[in-house]
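Peer 1: What follows is a single structure, and I will ask about it in a moment.
The values are calculated or read from the model by the stated rules, or taken from the named source; none is laboratory data. This one's a predicted model, so the numbers in the text were calculated from it and none came from an experiment. Cβ placement follows ideal geometry from the backbone for every residue including glycine, while neighbour counts extend to all protein chains displayed. In case anyone asks, the SASA skips ligands and DNA or RNA and just uses the protein heavy atoms, side chains included. Shrake-Rupley method; radii C 1.70, N 1.55, O 1.52, S 1.80 Å.
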Amino acid sequence: MGVFKPLLPVGGEPAILRSVKTSIDAGVRDVIIVTGHRKIHDELGAYSTRVQLIHNADYLSGMFSSICAGVSKLPDDIDGFFVLPSDCCAVSSDEFKLLIEKFDKAVAIPVFDGKRGHPPLFPAPYITDILAYDGNDGLKGIRRQLPELEVQMPSCGTLLDMDTPEDYVSLLSFLDLPTYPSAAESFQLLAECETPKDIINHGRDVADLALKMAQLMAQKGVSPICRELLESSCLLHDIMRMHPNHAERAKVLLLEKGYPAAALIVGEHMDLDGPVTAIGERELLYLADKLSRRGKTVNIEDTRRELSAKFSTNTEALTCLNMRLNNAKAILALLQSNFGFGYEDIA
């Protein structure tokens, strides 16, 4: 993911707080949060008094060490306990309750569409087994030695996590939450970051050009483009232009703000990850950015001649320049072959 997952926004609150609330709403009495990379407290708000915070100093040895750190602090008077990674925050209180209802002497495993998810519910007697286990293959390894009961779930919420930005998009979409900002929210972010006016204007130019291409695509039939996602990504693609490695920094910013769909597109506006095989929001932003210069729409080869002269003694810069412009030409070629329009139609 590249950012601290427990604090990623989900429905206006950190993922970890959402999981705390959901478990307590389901009737879980004691909640233990195990931290390692960084500590959490203020982010829990009023719920900071409802949880026990444990720091695992050995967190670099792997997740199983954090599980053991938490299990070792469980109260003596419990019947069982859940284990839930903080990024598995789409589990509903009803799904917690379903596992509790089926709870017996076996480890209750949530299952949806034949796939196992989180959180497993362990009977308390297995605390000793977990703490004595050597950690081979983590929690899955010890589970293979224990009796299990699969409990069918009503949705895929128990299968979802946020290991990657794409996973984050899927989780928010499942919860019917936005994955990109509106245009108004985009301008608010630009103001918060004190983005210079000329960069904001360039973003507007890129958005106008990309939306024009999207409209031409739509006129040719079915279009895969989400215009709102495209617009916000274009407006924000240079939001960190004042800083080194600005595309990656913008991606991280948008992830931390809870906008993973825009983050994925903005993160590749300088260099595409993989060949150009189809036209989506990513490709339209990439192309519009290369065609927009100083408030005008310019020909790719004119840009190549101008910048080749500017960087004539910088072999590395010339290589990057030609790669990027060749990618832009490949996108133009796809637009021409698939949708019947080219540079002359959008200039």
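Peer 1: Of all residues in segment 239-258 being open to solvent by less than 40 Å² (accessible area, probe 1.4 Å) and outside any helix (DSSP H, G or I), which is farthest from MET323 (Cα to Cα)?
Peer 2: Looking at residues that are open to solvent by less than 40 Å² (accessible area, probe 1.4 Å) and outside any helix (DSSP H, G or I), I get GLY258.
Peer 1: Something else about it: Exactly one condition in (1) part of a loop (DSSP other than H, G, I, E, B); (2) buried (at least 20 other Cβ atoms within 10 Å of the Cβ); (3) of a type in the set (Asp, Glu) is false for GLU231; which is it?
Peer 2: Failing condition for GLU231: (1).
Peer 1: Give me the residue from segment 68-108 that is in contact with a His (Cβ under 9 Å, 6 or more places away or on another chain) and open to solvent by less than 10 Å² (accessible area, probe 1.4 Å) and, out of that set, nearest to ASN136 (Cα to Cα).
Peer 2: First, the residues of segment 68-108 that are in contact with a His (Cβ under 9 Å, 6 or more places away or on another chain): 69, 82-85, 88, 91.
Applying the additional criterion that residues be open to solvent by less than 10 Å² (accessible area, probe 1.4 Å) yields 88, 91.
On the way: CYS88: 22, VAL91: 27 Å.
Filtering segment 68-108 for residues that are in contact with a His (Cβ under 9 Å, 6 or more places away or on another chain) and open to solvent by less than 10 Å² (accessible area, probe 1.4 Å), the one nearest to ASN136 (Cα to Cα) comes out as CYS88.
Peer 1: What is the number of the single condition among (1) under 22 Å from GLY221 (Cβ atoms); (2) of a type in the set (Phe, Trp, Tyr); (3) at pLDDT below 90 that TYR343 does not meet?
Peer 2: Failed condition: (3).
Each row is one residue, and each column tells you yes or no for (1) farther than 30 Å from VAL298 by Cβ; (2) in contact (Cβ under 8 Å) with a residue 12 or more places away in the chain; (3) among the hydrophobic types (A, V, I, L, M, F, W, C); (4) part of a strand (DSSP E or B).
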| position | (1), (2), (3), (4) |
| --- | --- |
| HIS118 | yes, yes, no, no |
| PRO154 | yes, yes, no, no |
| GLY157 | yes, yes, no, no |
| LEU190 | no, yes, yes, no |
| ALA214 | no, yes, yes, no |
| SER223 | no, no, no, no |
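Peer 1: Kindly check whether there is at least one residue in segment 164-177 that is of a type in the set (Gly, Ala, Ser), crowded, with 16+ Cβ neighbours inside 10 Å, in contact (Cβ under 8 Å) with a residue 24 or more places away in the chain and in a helix (DSSP H, G or I). Steps first, answer last, please.
Peer 2: Of segment 164-177, the ones of a type in the set (Gly, Ala, Ser) are 170, 173.
Checking which are crowded, with 16+ Cβ neighbours inside 10 Å leaves us with 170.
With in contact (Cβ under 8 Å) with a residue 24 or more places away in the chain added as a condition, the list becomes none.
No, the conditions are met nowhere in segment 164-177.
Peer 1: Let me ask you something else. In the list HIS269, HIS202, HIS243, HIS237, which residue meets the criterion of being more than 25 Å from ASP87 (Cβ to Cβ), in contact with a Phe, Trp or Tyr (Cβ under 7 Å, 6 or more places away or on another chain) and of a type outside the set (A, V, I, L, M)? Outline the logic, then answer.
Peer 2: Details: HIS202 fails: in contact with a Phe, Trp or Tyr (Cβ under 7 Å, 6 or more places away or on another chain); HIS243 fails: in contact with a Phe, Trp or Tyr (Cβ under 7 Å, 6 or more places away or on another chain); HIS237 fails: in contact with a Phe, Trp or Tyr (Cβ under 7 Å, 6 or more places away or on another chain).
The conditions single out HIS269.
Peer 1: Let me spell it out: the conditions are (1) in contact with a helix residue (DSSP H, G or I) (Cβ under 9 Å, 6 or more places away or on another chain); (2) of a type in the set (Asp, Glu); (3) not in a helix (DSSP H, G or I), and GLU194 meets all of them except one. Which number is the exception?
Peer 2: (1)
Peer 1: Can you tell me which residue within segment 1-37, out of those that are among the basic types (Lys, Arg) and out of contact with any Pro (no Cβ under 9 Å at 6 or more places or on another chain), is surrounded by the fewest Cβ atoms within 10 Å (Cβ to Cβ)? Give the derivation first.
Peer 2: Initial filter on segment 1-37 (among the basic types (Lys, Arg)): 5, 18, 21, 29.
Cutting the leftovers down to out of contact with any Pro (no Cβ under 9 Å at 6 or more places or on another chain) gives us 18, 21.
Details: ARG18: 20, LYS21: 17.
Filtering segment 1-37 for residues that are among the basic types (Lys, Arg) and out of contact with any Pro (no Cβ under 9 Å at 6 or more places or on another chain), the one surrounded by the fewest Cβ atoms within 10 Å (Cβ to Cβ) comes out as LYS21.
Peer 1: Look at segment 179-188 and say how many of its residues are in a helix (DSSP H, G or I) and either buried (at least 20 other Cβ atoms within 10 Å of the Cβ) or at pLDDT below 95 (or both). So that I can check it myself, show each step before the final result.
Peer 2: Taking segment 179-188 and keeping what is in a helix (DSSP H, G or I), we get 183-188.
Narrowing the set further to residues that are either buried (at least 20 other Cβ atoms within 10 Å of the Cβ) or at pLDDT below 95 (or both) leaves 186.
Total satisfying the criteria: 1.
Peer 1: Which condition does PHE122 not pass, out of (1) touching a Gly at 6+ places or on another chain (Cβ under 7 Å); (2) in a loop (DSSP other than H, G, I, E, B), if it passes all the others?
Peer 2: Answer for PHE122: the failing condition is (2).
Peer 1: Now, a different point. Please specify each residue of segment 109-130 satisfying the condition of being within 19 Å of GLY70 (Cβ to Cβ), within 33 Å of the chain's Cα centre (by Cα) and open to solvent by 20 Å² or more (accessible area, probe 1.4 Å).
Peer 2: HIS118
Peer 1: In addition: Please go through segment 189-225 and pick out each residue that is surrounded by 14 or more Cβ atoms within 10 Å (Cβ to Cβ) and acidic (Asp, Glu).
Peer 2: ASP205, ASP208
Peer 1: Name the residues in segment 264-282 that are within 13 Å of GLU231 (Cα to Cα) and either surrounded by fewer than 24 Cβ atoms within 10 Å (Cβ to Cβ) or in contact (Cβ under 8 Å) with a residue 40 or more places away in the chain (or both), would you? Working first, answer last.
Peer 2: Restricting attention to segment 264-282, the residues satisfying the condition of being within 13 Å of GLU231 (Cα to Cα) are 265-266, 280-282.
Those that are within 13 Å of GLU231 (Cα to Cα) and either surrounded by fewer than 24 Cβ atoms within 10 Å (Cβ to Cβ) or in contact (Cβ under 8 Å) with a residue 40 or more places away in the chain (or both): GLY280, GLU281, ARG282.
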